[in-house]
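The structure under discussion appears below in the form of structure tokens.
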Amino acid sequence: MSPTTATTLHWGILGPGRIAPRLVRAVAACARGELTAVASRDAGRATDFAARHGIARSFGSYDDLLASPEVDVVYISLPNHLHAEWTIRALEAGKHVLCEKPLALSVDQVDEIVAVSERTGRIAVEGFMYVHHPQILRAVELARSGALGRLELVNGSFSFFLSYPDDPRIDPTKGGGSLWDVGCYPVTFARRIADEMPDRVAAFARFDERGVDRTFIGQLRFPGGVLAQFDSGFAAPDRERLEVVGSDATLVMGSPFLPEPEGPPPTLTLWRGRDATPVAVASVDQYAAEVDDLTAAILDGTSPRMGLDFSRGTIATLVDLDDAARINAGLPRRRPTSGLT
Ligand SMILES: NC(=O)c1ccc[n+]([C@@H]2O[C@H](COP(=O)([O-])OP(=O)(O)OC[C@H]3O[C@@H](n4cnc5c(N)ncnc54)[C@H](OP(=O)(O)O)[C@@H]3O)[C@@H](O)[C@H]2O)c1
């Protein structure tokens with residue numbers, strides 16, 4: 001992607017839900033960004049959100065925002081089943097896109113996004129904000145530098161209690177399930193550490209009566225030798241943790257996915273036997289770092305950290321894990337197979 005001559009990007013939000021205020025704060029912190037518009041299916045909701053956050057324009061339909069020449073980049077914070085569709089529509093409207101994770105629910109959808117992105121010359125990236133945090137960049141650097149010895153194992157957990165009965169995250173028609181909501185975090189981390197696609201996966205899950213997983217455990221084998229395992233869930237108290245185990249040392253992260261930008265610096269600890277060495281990392285707003293990364297890709301022509309190729313591999317892996325757990329539970333597959341493993 002060649003750089004543009006613009007100096008400021010104008011952002012618009014589709015879906016003013018729970019996560020959208022994070023993006024408001026992130027764009028406000030970006031020297032080369034301005035939040036210009038928000039769209040809701042309900043005009044009143046859009047107006048309220050705009051008034052609360054000092055946004056100049058509000059729209060009562062997503063299409064109207066996409067038609068606005070005042071918007072360069074669209075942030076898509078809709079339920080999972082709408083991600084691919086609105087990413088494609090935004091690209092077709094000439095916008096760049098930051099779409100919340102997971103970018104899509106099938107590899108075919110990612111392939112369509114890639115094709116439209118190439119045809120329109122617009123960039124689409126998947127919103128895994130945590131990969132932009134210095135603690136993750138440092139962890140990947142340490143693991144790949146050989147500081148842990150030969151890489152053996154990645155362990156990850158991400159769970160919380162989901163207590164809203166009508167939440168799209170527990171709706172099987174809206175891409176629900178803990179794997180797709182939070183399991184995708186440790187899965188993407190393991191892929192970043194191994195730096196390749198897994199060649200085998202295994203999984204078990206507890207599914208509810210509608211076939212949505214409430215607790216999920218998965219395993220990945222990478223051709224280079226790294227093994228990974230993770231759990232995710234909607235039925236246990238807040239837990240998040242990552243561990244990278246090497247032949248010489250183990251790196252442990254206590255808040256790898258949602259470290260508080262205003263809180264104490266995240267804990268990154270290097271264990272050699274019983275000796276623990278803290279690894280210093282800064283506290284940052286990882287959503288702002290995510291916005292900066294896409295801004296640089298659009299304005300300066302740099303490569304986005306979460307390229308579509310990586311996202312394609314993520315979706316293929318999630319589909320395979322989902323299939324594996326369903327087969328083990330005697331349930332039919334929910335989505336087309338990835339065709340990759
Ligand atoms: N990166 C992160 O830290 C993070 C954190 C939380 C969530 N997420 C991701 O962000 C996305 C949104 O999550 P959220 O927690 O903000 O969700 P949410 O509060 O449920 O908001 C989603 C928004 O989507 C719109 N929408 C459009 N069609 C809908 C439908 N059929 N059902 C329900 N809502 C619909 C609604 O806005 P209108 O009706 O007003 O248009 C709603 O406000 C999800 O994909 C999730 O995975 C990311």
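The values are calculated or read from the model by the stated rules, or taken from the named source; none is laboratory data. Keep in mind the model is a prediction, meaning the values are calculated, not measured. Here the Cβ is made from the backbone with ideal geometry for all residues, glycine too, and neighbour counts use every protein chain on show.
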Flagged in region 94-116 as β-branched (Val, Ile, Thr) and within 16 Å of the ligand (Cβ to nearest atom), in numbering order, are Val97, Val110, Ile113
In region 22-70, anything among the acidic types (Asp, Glu) and more than 20 Å from Gly94 (Cα to Cα) is listed as Asp42, Asp48
| request: Answer yes or no: is there a residue in region 51-58 that is buried (at least 16 other Cβ atoms within 10 Å of the Cβ), within 22 Å of Tyr130 (Cβ to Cβ) and either touching a Lys or Arg at 6+ places or on another chain (Cβ under 7 Å) or small (Gly, Ala, Ser) (or both). | output: no
Expected single match for under 23 Å from Ile298 (Cβ atoms) and more than 13 Å from the ligand (Cβ to nearest atom) among Ala31, Ala51 is Ala31
From the option list Ser159, Ser163, Ser178, single residue qualifying as surrounded by fewer than 18 Cβ atoms within 10 Å (Cβ to Cβ) and not aromatic (Phe, Trp, Tyr) is Ser163
Counting only helices (runs of 4 or more DSSP H) entirely within region 1-114, those with at least 2 residues that are in contact with an Asp or Glu (Cβ under 7 Å, 6 or more places away or on another chain) and within 20 Å of Lys174 (Cβ to Cβ) are 83-92
The number of residues in region 143-170 that are within 19 Å of the chain's Cα centre (by Cα) and either within 22 Å of Phe230 (Cβ to Cβ) or among the acidic types (Asp, Glu) (or both) is 11
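Can you give me the number of residues within region 163-185 that are charged (D, E, K, R) and in contact with a Lys or Arg (Cβ under 6 Å, 6 or more places away or on another chain)?
1
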Those residues of region 173-211 that are in a helix (DSSP H, G or I) and more than 13 Å from the ligand (Cβ to nearest atom) come to a total of 8
When Arg274 is run through (1) free of Cβ contacts under 8 Å to residues at least 60 places away in the same chain; (2) touching a strand residue (DSSP E or B) at 6+ places or on another chain (Cβ under 6 Å), the failure sits at (2)
- Item | Test result for Gly211, surrounded by fewer than 16 Cβ atoms within 10 Å (Cβ to Cβ) and touching a Leu at 6+ places or on another chain (Cβ under 9 Å) | yes
Of the conditions (1) modelled with pLDDT of 95 or more; (2) within 16 Å of the ligand (Cβ to nearest atom), the single one that Pro165 does not satisfy is (1)
Of the candidates Phe257, Phe234, the one satisfying the condition of being within 24 Å of Leu148 (Cα to Cα) and in the same structural domain as Cys184 (by TED's automatic domain parsing) is Phe257
Before we move on, is Leu227 out of contact with any Phe, Trp or Tyr (no Cβ under 8 Å at 6 or more places or on another chain) and either closer than 16 Å to Asp323 by Cα or surrounded by 19 or more Cβ atoms within 10 Å (Cβ to Cβ) (or both)?
-> no
In the set Leu137, Leu91, Leu153, the lone residue that is in the same structural domain as Val226 (by TED's automatic domain parsing), more than 16 Å from the ligand (Cβ to nearest atom) and in contact (Cβ under 8 Å) with a residue 24 or more places away in the chain is Leu153
